[in-house]
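The values are calculated or read from the model by the stated rules, or taken from the named source; none is laboratory data. Note that the coordinates shown come from a computational prediction; the quantities given were computed from them, not determined experimentally. All Cβ positions, glycine included, derive from the backbone under ideal geometry; neighbour counts span all protein chains shown. In case anyone asks, the SASA skips ligands and DNA or RNA and just uses the protein heavy atoms, side chains included. Shrake-Rupley method; radii C 1.70, N 1.55, O 1.52, S 1.80 Å.
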Amino acid sequence: MPDANTPILHHYPSSPFSEKVRLAFGIKGVHWASVHIPMMAPKPDLIPLTGGYRLTPVLQIGSDIYCDTQLILRELDRRYPQVPLITPALAGFAPMISMWSDRAFFQTSIPVIFGSTGYNLPAEFAADREQLSGRPFDQEAMARAAPRMRDQWRAHASWVEAQLAGTGSDWLSGGSPGLIDLHAHMNFWFAKNAHRPAYDALIAATPLTEAWVERVEAIGHATFDRLDAAAALQLAQETPPIPRTGGVDPREAQGLRAGDLISINADDYGRDPISGTLVYSDVNEIAIQRGDPAVGEVIVHFPRVGYTARRT
Ligand SMILES: N[C@@H](CCC(=O)N[C@@H](CS)C(=O)NCC(=O)O)C(=O)O
């Protein structure tokens with residue numbers, strides 16, 4: 001059984017967003033616990049922790065629940081600063097990269113991968129992703145769009161290639177691997193693991209990037225133990241929630257205050273609102289406290305960019 005300080009990652013092996021976090025543990029050499037969650041709804045052991053957020057991955061530390069890789073990676077840097085993911089020279093640019101990797105590049109990768117021949121998706125997976133995005137998940141349409149999307153994918157890859165060529169560095173983050181590498185690597189890992197022929201055809205034009213992908217993979221995932229979801233829920237139940245010191249940002253743009261009942265939702269997909277009492281905020285993070293019989297009181301944390309908070 002891990003203790004209340006052990007990072008517990010709720011994820012599944014083929015999840016590209018989760019790969020960022022697994023590699024972050026590798027860079028930092030932090031031991032973690034691994035809870036496997038389903039790759040589609042329902043997620044009965046995750047929802048009691050998050051209050052409705054269903055995306056993958058989620059990081060749990062005791063009764064603190066961190067949603068979205070943008071915030072999860074920021075939190076890992078705060079808790080394990082010995083090997084930082086962000087250096088002062090890239091303090092602003094590094095987090096910006098997630099908006100490119102997670103949105104524009106990721107939305108290009110989906111039709112490139114799922115529209116490639118030989119990719120058979122179960123009907124319930126397509127139905128789940130339609131529900132998630134509110135848009136059709138039409139594999140035939142993706143197959144028609146795939147050639148045009150490959151044009152775009154190659155162009156995204158060319159930016160990584162240009163950066164590696166321009167700096168002559170092994171890493172996008174500078175002298176050692178860091179946050180930019182983790183965000184940028186995700187779509188290459190996704191394509192490579194989900195559809196190897198499509199990846200091989202695309203990556204051939206960017207040899208520095210191909211070698212960099214292998215370097216990032218070689219970082220590995222540090223050491224971890226598998227954990228039952230029930231044990232993770234029990235740990236949350238047994239750990240009293242303690243809001244982060246600092247309270248609520250006095251400059252909250254909407255004038256939100258500590259104790260306000262609010263709801264938070266992602267603004268791209270998986271927009272289910274999560275409700276609770278505002279207990280902490282700063283310019284990059286907002287956290288609510290909420291309870292569930294399965295986990296007791298927990299604090300659920302979200303990033304600010306890409307999320308909407310409103311009083312209920
Ligand atoms: N903005 C989120 C996006 C996460 C995301 O899209 N994850 C995918 C899996 S890699 C997902 O949740 N798919 C639906 C699911 O797992 O239920 C983040 O950065 O964590």
Where a residue in region 209-236 is farther than 26 Å from I61 by Cβ and its partner, wherever it lies, is open to solvent by less than 20 Å² (accessible area, probe 1.4 Å), with Cβ under 6 Å and at least six apart
T209/A157; T209/V160; E210/I203; W212/L164; V213/F188
Among the numbered conditions (1) farther than 30 Å from D45 by Cα; (2) surrounded by fewer than 18 Cβ atoms within 10 Å (Cβ to Cβ), tell me where V213 comes up short.
(2)
Return the pairs, sorted by first residue and then second, in which the second residue is open to solvent by less than 20 Å² (accessible area, probe 1.4 Å) and not in a helix (DSSP H, G or I), the first residue lies in region 84-111 and is over 28 Å from M142 (Cα atoms), the beta carbons are less than 6 Å apart, and the residues are 6+ apart or on different chains.
L85/G178
Take region 96-118 and flag every residue that is of a type outside the set (A, V, I, L, M, F, W, C) and either more than 14 Å from the chain's Cα centre (by Cα) or open to solvent by 10 Å² or more (accessible area, probe 1.4 Å) (or both).
D102, R103, Q107, T108, S109, P111, G115, S116, T117, G118
Expected single match for touching a residue at least 12 places away in the same chain (Cβ under 8 Å), open to solvent by less than 50 Å² (accessible area, probe 1.4 Å) and more than 22 Å from E214 (Cα to Cα) among I27, I37 is I37
If we take region 1-89, then strands (runs of 3 or more DSSP E) inside it with 3 or more residues that are within 12 Å of the ligand (Cβ to nearest atom) are 8-11
Restricting attention to region 43-65, which residues are under 15 Å from E285 (Cα atoms) and touching a Lys or Arg at 6+ places or on another chain (Cβ under 9 Å)?
D64
Do we have any residue at all in region 295-310 that's without any contact (Cβ under 8 Å) to a residue 24 or more places away in the chain, out of contact with any Phe, Trp or Tyr (no Cβ under 9 Å at 6 or more places or on another chain) and farther than 23 Å from D68 by Cβ?
no
